[in-house]
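See below for the structure under consideration.
The values are calculated or read from the model by the stated rules, or taken from the named source; none is laboratory data. It should be emphasised that the depicted structure is a prediction, and the values quoted were computed from it without experimental measurement. Ideal geometry is used to build each Cβ from the backbone, glycine not excepted, and the neighbour counts take in all protein chains shown. The area values use the complete protein model at the heavy-atom level, side chains included, leaving out ligands, DNA and RNA. Shrake-Rupley method; radii C 1.70, N 1.55, O 1.52, S 1.80 Å.
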Amino acid sequence: TAINNSAETTYTTYAVDKSLLHAGVNTLAVEVHQNAASSSDLLFDLELTVLKADVTTLVSTSPTLTLELTEDKRLTAVYQTESVSILSDTLPAGTVLTKAGSPYLVSGDLVVPAHTTLRIEPGVVVNMPAKASIRVHGAIEALGTVSDSITFQLLPTETEANHWGALFFLHTTDTTKMRYVTVKQASKGPGLYNAVAALSAFDADLVLDHMNLTDNEANPLSARYSSIKITNSRLHSKVLGDLINVKYGHGYIENCRFTGNDYPDTDGIDYDEVTDGVIRNVVIHDFMGSNSDAIDIGEAALNVQIDSVLLYNITDKGVSVGQQSIVRLSNATMINTNLGVAAKDSSWIYVSHSTFYGVGTPIASYEKNVGHAGGNITVNHSLMSNSYDATLLVDDKSTLLITDSQSDNDTLSTVLNNQTGTIGFPAPGLYNLGLGTASFNSKGSNFFPEQPAPTPVISALYVNSTKIDSRTEFIELSNPSTMTLDLGGYQLSKGVTYTFPAGTLLKGGHSLLLVKNRFTHLEWLTNPSIHEWSEGSLANEGEAVRLNNPWGMVVDQVIYGFGAPWPSVDNLDEKGLKLMGLERDNHLAANWTTVSYSSLTGLSTTTEHGRPTLYPNPCQGPVTVYLPDGSTSRLDIYDLSGRLRFSQQVTHGNTLTLNLPSGLYLAKLGEQLIKLMVAESGIEPGSQP
């Protein structure tokens, strides 16, 4: 094409691919063509320029740049290198997350397609943005090691939310295998029904081992129409709901620990319509909310095997079976649960070689929903000790058969080789209930992987049956553990009524007194370990004294008496009852002895007969001092705030006129503390008779 006139001097710009240039000398080859041989001129002019950002002088490092343009400018973004690998959208087949490429950042929702396995090497960290999930239709193979685990977590720099979505397995084509994997700060997936937990499975197969599911914003694990096998793992929930919920599939749980919370309706393990499910070598503890079970089996779950479980501090049931389910329970240890085993709604549970200690009612068979009939329970070779309510409960719609078992509370029928009497646990007050293999062959559980932390125990009682003014009723609580217990919110709910205020601490191995009248002894007025109840009295003939924790669970109960089998107490010597050792079971009378009032309180006292006193009391002016031995003593009078209002040496028969405002005072005469009521004022305190 001929170029004429001004076009002959107009430059045309071309962008050159910088990859064509290399370090050193470069050669630029040029061809120039004429349009016709008769052309009168031939012009050629070329320049190669490079624009290179000056990264030593940055315009700004702020996320927002304000710039006033007075001329053309070229702005180049200079990116800071990050040691992170980006994962987005759909992963291709053969993807492997390596430790060398870790950490990985998921840029949004991530999909593992069907027939694709995402492999993750030990030591890999996967950072998730807020609300994003990983949806798996194929499988994940994440096999960490004890020293190099794999972690799925919220992106550390994430500020918009405090959780991400979920690992969501939906209609998977392969089996997922995960070992030594931590999933934390997850919540739920996008499905309201099929992605309700941090790990959610719907029509999927998961084999999980050494999982850490203790720090998530939703329930740890949920499965629908799936097969779940989880072993050697730890689970904890910070929200309402079940730690593991398996519906309409298969569940296998072994060597796992479930730690609860104080939300209501929160169970450790929930199997619904599960056939041939297994729960073995499991510890479930501290489910403190109302209506919370350790294990809940329902919706016609069939042939569920529960073997070797330790369940403690459960507000509702240890094992609940309902809705026509069938369960076999063996080698179970239950401590401090409201109900031990409960069967209802035409369900069956077969219990063998199990131990129930400190359980409200160990065995309960009853109709829950009208018209669905009751439960059916058989129990053999089991031990039931220290039951707070009743050992057995069965209504007329249910069945209960108990054989070759023993209770130390209620009398069991001897026709079926049952026994009633003391069970020789090594140290039941410390929850050491192991009886050894030989005993297991006959009765009770031998599964004691740990001893729960002891709770405060009622360790002494004094009833003051003769109503001596210089004495007061009291209950002693002791801490049998080595750790300090916070008694704030603990309640005495039978015999007397009292709630310990927040911040009440009881050191390990120490005791405190809960008294009917702390003004009985001057030394108690400023003693923080002396608490005064406001309602109730201890019955002279004996009664139940019950201690509940802040969640309403019974943690200790003593039903005392003063006749056989309880030690005899002679009112003349003013003795009280004392537990002979904190490791002993305080619900058994044989473990108590009698101790003097002064020994129990640590105070030196005199007897009722011939003790020092002041009279008349109440007084309206002069009062006379009585000292039985005619000796000299000191009289100190305090108001109820503990201020000293009067002090003087006195002798037998000394008469004083006190000028004190009308009211109640405490007079200390020698070692005797006397309540003194002044009706009218006399002369100034300290005036001589």
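Observations, loosely collected:
- The overall shape of the chain is oblate: from the C-alpha gyration tensor, with semi-axes ordered a ≥ b ≥ c, the ratio a/c is 1.5 or greater and a/b is no larger than b/c.
- Remark: accessible surface ordering of LEU485, LEU310 (largest first) is LEU485, LEU310, probe radius 1.4 Å.
- If both residues of a DSSP beta bridge must be in the chain, then about 30% of such bridges are antiparallel.
- Ranked order, ASP41, ASP345, ASP54 - accessible area, probe 1.4 Å, largest first: ASP54, ASP41, ASP345
- Sum of -39500 (n - 2.57) over DSSP H runs of 4+, divided by residues of the chain (222 nm, nearest 500): 0 deg cm²/dmol
- The heavy atoms of THR482 present about 140 square angstrom of accessible area, all protein chains included, probe 1.4 Å.
- In the assembled protein chains, VAL207 presents an accessible area of approximately 60 Å² (probe radius 1.4 Å).
- Relative contact order of segment 410-478, pairs being alpha-carbon contacts under 8 Å that are 6 or more residues apart, as %: 20
- Taking all protein chains into account, the per residue accessible area for the chain stands at 48 Å² (1.4 Å probe).
- Amide hydrogen neighbours beyond the local backbone of THR399, cut-off 5 Å, H modeled: GLY375, ASN376, ILE377
- By accessible area, using a 1.4 Å probe on protein heavy atoms only, the chain has 50% of its surface on carbon and sulfur.
- Centre-to-centre separation between the Cα atoms of segment 182-220 and those of segment 637-663: 72 Å.
- Across the alpha-carbon set of segment 352-418, the Rg to Rh ratio works out to 0.98, Rh being the Kirkwood radius.
- Relative contact order of the chain: 5 percent, from C-alpha pairs under 8 Å at least 6 residues apart in sequence.
- Each residue was assigned an accessible area with a 1.4 Å probe, and for SER465 the value is about 30 Å².
- The DSSP beta bridges internal to segment 301-369 are antiparallel in roughly 0% of cases.
- Rounded if a/c under 1.5, otherwise prolate or oblate - segment 382-483, Cα gyration tensor axes: oblate
- Across the cross-link table entries LYS99/LYS229; LYS578/LYS668; LYS317/LYS516; LYS131/LYS184; LYS443/LYS507; LYS188/LYS344, which are compared at the Cα atoms, the separations over 25 Å belong to LYS99/LYS229; LYS578/LYS668; LYS317/LYS516; LYS443/LYS507; LYS188/LYS344.
- The residue among GLY260, HIS210, ASN26 whose Cα reaches farthest toward the positive pole of the charge dipole of the chain, with charges on the beta-carbon of Lys, Arg, Asp and Glu, is GLY260.
- By average C-beta atoms within 10 angstrom, highest first, the peptides 79-91, 632-644: 632-644, 79-91
- Distance from segment 345-377 to segment 532-602 (C-alpha centre basis), Å: 32
- Centre separation in Å (Cα based) which lies between segment 13-78 and segment 301-328: 77
- Cα-based reach from LYS73 at 17 Å (exclusive), listing lysines while leaving out same-chain residues under 8 positions away: LYS52
- Exposure rank, largest accessible area first [LYS507, LYS184, LYS494; 1.4 Å]: LYS507, LYS494, LYS184
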